[in-house]
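Engineer: This is the structure, below, for whatever I ask next.
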Amino acid sequence: MKELPVIEVLLAGNPNSGKTSLFNELVGANRKVGNFAGVTVEKVEGSVVYKNYLIRFVDLPGTYSLSAYSPEEMVARNYIIGHSADLIIQVLDSTNIERNLLFTTQLMELGKNFIIAFNIYDEMTRKGIKADITQLEKLLGTAVIPTSSRLKTGITELFDKIIEFYEKKLQLSKKFNYPEFIEERIIKLSGIINSDKELSESYSTYWLSVKLLEQDTEVYKLLKERTVWMKVFPYLTEINKEISNYYKEEADLILNENRLAFAKGAFKETVNLSNLKSRNFTDVLDYLLINRITGIPVFLFFMWATFQLVFQLGEYPVNWLQHAFDWLAEGISSSINNEMVKSVVADGIISGVGGVLAFLPNILLLFLALAIMEGTGYMARAAFVIDKVMHTFGLHGKSAISLITGLGCSIPAFMSTRTLKSQRDRLTTMFIIPFMSCGAKLPVYILIIGAFFPAKIAGTVLFAVYMTGILLALLSAKLLKTTLMRGESEPFVMELPPYRLPSPKSLLFQMWNKATMYLKKAATLILLASVLVWLASNFPKSHKIELFYNYEIQQVINNEHLTNQEKTSLIKSLSAKENSLQFQNSIIGRLGKLIEPVIKPLGFDWRIGISLITGFAAKELVVSSMATIYSIGDSDTENNLSLQQKLKNNYPLKTALSLLMFVLIYVPCVAATAMFHKEAGKIKYTAFYFFFTMTLAWLLSFLTYQLL
Amino acid sequence: MKEVQEKENMRLSELKKSDCGVVIGFTALGEVRKRLIDMGLVRGSQFKVIRKAPLGDPIEIKLNGFLLSLRLEEASHILVNLDA
């Protein structure tokens, strides 16, 4: 096959300009998902063959300007300024021309080649807005192509324009000029920077000068390391003073006011609003959904609906998957003769893979729900409505959504924190998600509460456990934000985008992106961890115990005084005892006994210790471990008692409460921890997360046990 | 001149629902100011207060044809003139 020439095209623009939908129309299913180097910002790119060219599109995160604060904005900016892409397409929301043109002016001053996708053109026409495209092209000095992802218009025109730029080697010449007073100073400053050959070869020095005037921290850092800074700094200080004396304001504001003036001018000259329809869908919907009275109930309803969708509806595919894997394990083990290999394959590997895939339906559904909320525009409203509560505890309104997801499962909850822009807010939210009781903890609560509390108040106790968790989460957030995570948090300056109906295609693609991310990032780690935990709870096997029980069982079989029914029941009880002893002899069993001194002050014995350790593999295992251990009774009568009765006979109430507290707080399962590690990105964060949850669990259980 | 100075003390956070006004300056430097400027909120920008969140904070304003929400804390750094 002949190698095609490659054209690299960046998609940039404001958030909510329909960038991702347009990207989907451009590349279809030929996409690759990953992370931008060094950050957990999603990178989506796709290649398409068009007229004997291979066109590679990169969908950059949406930004309002080329100033950068969050990791996402940084990525977008670095790509635009540093990367030598062949062409930039600015996706411009034609229903919000004025503000979007602000971004255009920044591309103009950068001096890179760009064209404009005049997007959401169908909605603009419907609204009665008219624009003179030819005049706009003249003012901006580049091609403006009306596009609509919904109607699939303008796509071929975009492709043709890309090719035209490439083949004719077009260079944009139209410049965006500041008033004389500023312009001449910028030019002189860039002249000084120009003497640094290395800088002037990789950046537009005009742009660097503008950014220096705007006090851009990153550009400052870049320049400070160069020797040319010695010449730049005195002049910069001088012109900064001159400009603020002349205009009575700082340069950054003056520069943007000039950009906006240009944008306003271009807008006035080309756009005709005389036919604008006055009825506004967004205003009406906002009036209904986020007013004083309905705001909070509607928010709670949408959160409840999301939760139902993800975990109730998700339960069906999860169950099917589990059945499928059980069936597979059974099928495979019947075809393997070697006991050892059989056990490793069936119980270790297949159940490990099953464990990884079991979360997939929930993750798909959660990200479908999030994509719908984001795509329709409700997400920003949800943050708007609940921000006051979250802000009281030092968090951002958007954290609420991750926390609520945590009530289902921590894994998708950790992944959903990506919507938070500030790294501090994101980490804080991730640290407190474990306190939101996940679905797997429920069986443990039910077991303990059912054993120690009368049915009448069981519901209330359960509610109290959940509430304690939520309260702990919020208080911990406050604590973290005032200590370790201190610092200016993300300012809440957020656009409430117009309500729109997201295209099914774009929803499906986003869902698919997340699923690929999950499988790529977490799958191997979760699989490995599950297999290790399985090994630790099955090995080493004691030959002595095996021999002893084989002998005992043989005795029962040979005993002629027993009926067949009695034999079956005796054998069952004997093998249960064998399992229990083997379990206690395994690495996890021994570990449980080893830690007894540490957990004794909490009112726990080694049996609880073992169960809690297996809870690290998966929380619901706490229940089955207890069942295994307690299948050894002190007498035959006790053997017939239910697990709950045994627990009640063995432990006082304060141990039960202490245990509830511990299960509520201690570190989530190994799969969730693996996900945390992948999302947080640094071992020190994972270490802290482990230490934080374990210490708090120990302390609060200790207090519960000792004070009662 | 005196009248202007009196008005300068008015902050966006003090406005009520349905109030219209124009931005005349900022009292803060740093990220909040940068973000506001980036979103197109500069001196001379006209806006209307649309609503407050159900719990009283943040507020929502309409400007240049789009909706922007910001906390009262952020809004208190924006100096405004109230339109009659």
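The values are calculated or read from the model by the stated rules, or taken from the named source; none is laboratory data. These numbers were taken from a predicted model, which means no experiment stands behind them. A quick note on method: Cβ atoms are made from the backbone with ideal geometry, for glycine too, and the neighbour counts reach across all protein chains shown.
Engineer: I'd like the residue in region B:54-84 that is within 10 Å of chain A (Cβ to nearest Cβ) and of a type in the set (S, T, N, Q) and, out of all such residues, is farthest from residue A:495 (Cα to Cα).
Structural biologist: B:64
Engineer: Determine which single condition residue A:135 fails, assuming it passes every other condition in (1) touching a strand residue (DSSP E or B) at 6+ places or on another chain (Cβ under 7 Å); (2) within 23 Å of residue A:264 (Cα to Cα).
Structural biologist: Only one criterion is unmet by residue A:135, namely (1).
Engineer: Another question, if that's okay. Can you tell me which condition residue A:142 does not meet? The list is (1) within 14 Å of chain B (Cβ to nearest Cβ); (2) free of Cβ contacts under 8 Å to residues at least 40 places away in the same chain, and all the others hold.
Structural biologist: Here residue A:142 clears every test but (1).
Engineer: For the structure I just gave you, tell me whether residue A:449 is in contact (Cβ under 8 Å) with a residue 60 or more places away in the chain and more than 24 Å from residue A:398 (Cα to Cα).
Structural biologist: Values: in contact (Cβ under 8 Å) with a residue 60 or more places away in the chain: yes; more than 24 Å from residue A:398 (Cα to Cα): yes.
Yes.
Engineer: Right, another one. For residue A:151, only one of the following conditions fails: (1) under 35 Å from the mean Cα position of the chain (by Cα); (2) at pLDDT below 95; (3) more than 27 Å from residue A:203 (Cβ to Cβ); (4) part of a helix (DSSP H, G or I). What is its number?
Structural biologist: (4)
Engineer: Confirm whether residue A:476 is away from every other protein chain (no Cβ under 14 Å), crowded, with 20+ Cβ neighbours inside 10 Å and not hydrophobic (A, V, I, L, M, F, W, C).
Structural biologist: Taking the combined requirement at face value, the residue satisfies it.
Engineer: What tally of residues in region B:27-50 results from selecting those that are surrounded by 20 or more Cβ atoms within 10 Å (Cβ to Cβ) and at the interface with chain A (Cβ under 7 Å from one of its Cβ atoms)?
Structural biologist: Number satisfying all stated conditions: 9.
Engineer: Among A:697, A:671, A:618, A:656, which is the only one that is in contact with a Cys (Cβ under 6 Å, 6 or more places away or on another chain), within 30 Å of residue A:477 (Cα to Cα) and in contact (Cβ under 8 Å) with a residue 12 or more places away in the chain?
Structural biologist: Going through A:697, A:671, A:618, A:656 in turn, just one is in contact with a Cys (Cβ under 6 Å, 6 or more places away or on another chain), within 30 Å of residue A:477 (Cα to Cα) and in contact (Cβ under 8 Å) with a residue 12 or more places away in the chain: A:618.
Engineer: How about region A:269-297: which of its residues are under 17 Å from residue B:53 (Cβ atoms) and either more than 14 Å from every other protein chain (Cβ to nearest Cβ) or in contact (Cβ under 8 Å) with a residue 12 or more places away in the chain (or both)?
Structural biologist: Residues of region A:269-297 under 17 Å from residue B:53 (Cβ atoms): A:282-283, A:285-297.
Hits for region A:269-297 are A:282, A:285, A:286, A:289, A:290, A:295, A:296.
Engineer: Let me ask you something else. Need at least 2 residues that are touching a helix residue (DSSP H, G or I) at 6+ places or on another chain (Cβ under 6 Å) per element, so show me which helices (runs of 4 or more DSSP H) inside region A:300-372 make the cut, counting only ones lying wholly within it.
Structural biologist: Values: elements: A:314-335, A:339-343, A:351-358.
By residue number, A:314-335, A:351-358.
Engineer: Hey, can you tell me all the residues within region A:246-290 that are buried (at least 20 other Cβ atoms within 10 Å of the Cβ) and touching a Phe, Trp or Tyr at 6+ places or on another chain (Cβ under 6 Å)?
Structural biologist: A:254
Engineer: Might you let me know whether region A:256-268 holds any residue that is among the polar types (S, T, N, Q), out of contact with any Leu (no Cβ under 6 Å at 6 or more places or on another chain) and without any contact (Cβ under 8 Å) to a residue 12 or more places away in the chain? Walk me through it before giving the result.
Structural biologist: Of all residues in region A:256-268, those among the polar types (S, T, N, Q) come to A:256, A:258.
Next, only the ones that are out of contact with any Leu (no Cβ under 6 Å at 6 or more places or on another chain) stay: A:256, A:258.
Checking which are without any contact (Cβ under 8 Å) to a residue 12 or more places away in the chain leaves us with none.
So far as region A:256-268 goes, no, none of its residues is among the polar types (S, T, N, Q), out of contact with any Leu (no Cβ under 6 Å at 6 or more places or on another chain) and without any contact (Cβ under 8 Å) to a residue 12 or more places away in the chain.
Engineer: Answer yes if at least one residue in region A:416-424 is in contact with a Gly (Cβ under 8 Å, 6 or more places away or on another chain), more than 17 Å from residue A:692 (Cβ to Cβ) and of a type in the set (A, V, I, L, M, F, W, C), and no otherwise.
Structural biologist: Within region A:416-424, the first condition is being in contact with a Gly (Cβ under 8 Å, 6 or more places away or on another chain), and the residues that meet it are A:424.
Imposing the further condition that a residue be more than 17 Å from residue A:692 (Cβ to Cβ) reduces the set to none.
No; the residues of region A:416-424 include none that is in contact with a Gly (Cβ under 8 Å, 6 or more places away or on another chain), more than 17 Å from residue A:692 (Cβ to Cβ) and of a type in the set (A, V, I, L, M, F, W, C).
Engineer: Among the hydroxyl-bearing types (Ser, Thr, Tyr), within 14 Å of chain B (Cβ to nearest Cβ), in contact (Cβ under 8 Å) with a residue 12 or more places away in the chain and on the phi < 0 side of the Ramachandran plot - does that describe any residue in region A:493-511?
Structural biologist: Applying the first criterion (among the hydroxyl-bearing types (Ser, Thr, Tyr)) to region A:493-511 yields A:499, A:503, A:506.
Then keep just the ones that are within 14 Å of chain B (Cβ to nearest Cβ); that gives A:499.
Next cut, in contact (Cβ under 8 Å) with a residue 12 or more places away in the chain only: A:499.
Filter once more, so that each one left must be on the phi < 0 side of the Ramachandran plot: A:499.
Yes, the conditions are met somewhere in region A:493-511.
Engineer: Within the set of pairs 6 or more residues apart or between chains, which connect a residue that is more than 17 Å from residue A:404 (Cβ to Cβ) and touching a residue at least 24 places away in the same chain (Cβ under 8 Å) inside region A:459-483 to a residue that is surrounded by fewer than 18 Cβ atoms within 10 Å (Cβ to Cβ) and basic (Lys, Arg) with Cβ atoms less than 6 Å apart?
Structural biologist: none
Engineer: Specify the residue that is farthest from residue A:473 (Cα to Cα); the eligible residues are those in region A:436-454 that are among the small types (Gly, Ala, Ser) and part of a helix (DSSP H, G or I). Break it down into steps so the answer makes sense when it comes.
Structural biologist: First, the residues of region A:436-454 that are among the small types (Gly, Ala, Ser): A:437, A:439-440, A:450-451.
In the following step, the residues that additionally are part of a helix (DSSP H, G or I) were identified as A:439-440, A:450-451.
On the way: A:439: 17, A:440: 18, A:450: 25, A:451: 27 Å.
Taking the candidates together, the pick is A:451.
Engineer: Looking at this structure, is residue A:376 among the hydroxyl-bearing types (Ser, Thr, Tyr) and touching a residue at least 60 places away in the same chain (Cβ under 8 Å)?
Structural biologist: On the way: among the hydroxyl-bearing types (Ser, Thr, Tyr): yes; touching a residue at least 60 places away in the same chain (Cβ under 8 Å): yes.
Yes, satisfied.
Engineer: Follow-up. Specify which of the listed residues (A:487, A:459, A:450) is within 14 Å of chain B (Cβ to nearest Cβ) and out of contact with any Leu (no Cβ under 8 Å at 6 or more places or on another chain). Full working, then the answer.
Structural biologist: Values: A:459 fails: within 14 Å of chain B (Cβ to nearest Cβ); A:450 fails: within 14 Å of chain B (Cβ to nearest Cβ).
After applying the criteria, what remains is A:487.
Engineer: Further, regarding this structure: Which count do you get for residues in region A:207-229 that are under 20 Å from residue A:108 (Cα atoms) and buried (at least 19 other Cβ atoms within 10 Å of the Cβ)?
Structural biologist: Taking region A:207-229 first, the residues under 20 Å from residue A:108 (Cα atoms) are A:207-216, A:219.
Remaining after also requiring buried (at least 19 other Cβ atoms within 10 Å of the Cβ): A:207-214, A:216, A:219.
Adding up the residues that qualify gives 10.
Engineer: What number of residues in region A:1-53 are over 26 Å from the mean Cα position of the chain (by Cα) and either at pLDDT 95 or above or within 21 Å of residue A:165 (Cβ to Cβ) (or both)? Even if it seems obvious, please write down each step before you answer.
Structural biologist: Within region A:1-53, the subset over 26 Å from the mean Cα position of the chain (by Cα) is A:1-9, A:48-53.
Remaining after also requiring either at pLDDT 95 or above or within 21 Å of residue A:165 (Cβ to Cβ) (or both): A:3-9, A:48-53.
Total satisfying the criteria: 13.
Engineer: Given the criterion more than 30 Å from residue B:72 (Cα to Cα) and loosely packed, with under 15 Cβ neighbours inside 10 Å, identify the matching residue among A:538, A:559.
Structural biologist: Working: A:538 fails: loosely packed, with under 15 Cβ neighbours inside 10 Å.
Just one listed residue meets the conditions, A:559.
Engineer: Then there is this: Considering region A:78-99 alone, what residues qualify as being among the polar types (S, T, N, Q) and either under 30 Å from residue A:276 (Cα atoms) or not assigned by TED's automatic domain parsing to the domain that holds residue A:59 (or both)? Write out each step before concluding.
Structural biologist: Step one: of region A:78-99, the residues among the polar types (S, T, N, Q) are A:78, A:84, A:90, A:94-96.
Result: A:90, A:94, A:95, A:96.
Engineer: With respect to residue A:133, is the statement that it is of a type in the set (A, V, I, L, M) and either within 17 Å of residue A:208 (Cα to Cα) or surrounded by fewer than 20 Cβ atoms within 10 Å (Cβ to Cβ) (or both) true?
Structural biologist: Details: of a type in the set (A, V, I, L, M): yes; either within 17 Å of residue A:208 (Cα to Cα) or surrounded by fewer than 20 Cβ atoms within 10 Å (Cβ to Cβ) (or both): yes.
Judged against the criteria, residue A:133 is a match.
Engineer: When you look at residue B:13, is it touching a His at 6+ places or on another chain (Cβ under 9 Å), more than 7 Å from every other protein chain (Cβ to nearest Cβ) and either surrounded by 19 or more Cβ atoms within 10 Å (Cβ to Cβ) or not aliphatic (A, V, I, L, M) (or both), yes or no? So that I can check it myself, show each step before the final result.
Structural biologist: On the way: touching a His at 6+ places or on another chain (Cβ under 9 Å): yes; more than 7 Å from every other protein chain (Cβ to nearest Cβ): yes; either surrounded by 19 or more Cβ atoms within 10 Å (Cβ to Cβ) or not aliphatic (A, V, I, L, M) (or both): yes.
Yes.
Engineer: Another question, then. Of all residues in region A:674-693, how many are without any contact (Cβ under 8 Å) to a residue 60 or more places away in the chain and of a type in the set (S, T, N, Q)?
Structural biologist: Count: 1.
Engineer: Residue check: is residue A:91 of a type outside the set (Lys, Arg) and more than 30 Å from residue A:267 (Cβ to Cβ)?
Structural biologist: Details: of a type outside the set (Lys, Arg): yes; more than 30 Å from residue A:267 (Cβ to Cβ): no.
Taking the combined requirement at face value, the residue does not satisfy it.
Engineer: Taking the options A:606, A:534, name whichever one is touching a Ser or Thr at 6+ places or on another chain (Cβ under 8 Å) and among the aromatic types (Phe, Trp, Tyr).
Structural biologist: On the way: A:606 fails: touching a Ser or Thr at 6+ places or on another chain (Cβ under 8 Å).
Criteria check complete, one pass: A:534.
Engineer: Tell me, which helices (runs of 4 or more DSSP H) wholly within region A:180-265 include 1 or more residues that are within 36 Å of the chain's Cα centre (by Cα)?
Structural biologist: Numbers: elements: A:180-194, A:197-202, A:205-213, A:217-224, A:229-247.
Qualifying helices (runs of 4 or more DSSP H): A:197-202, A:205-213, A:217-224.
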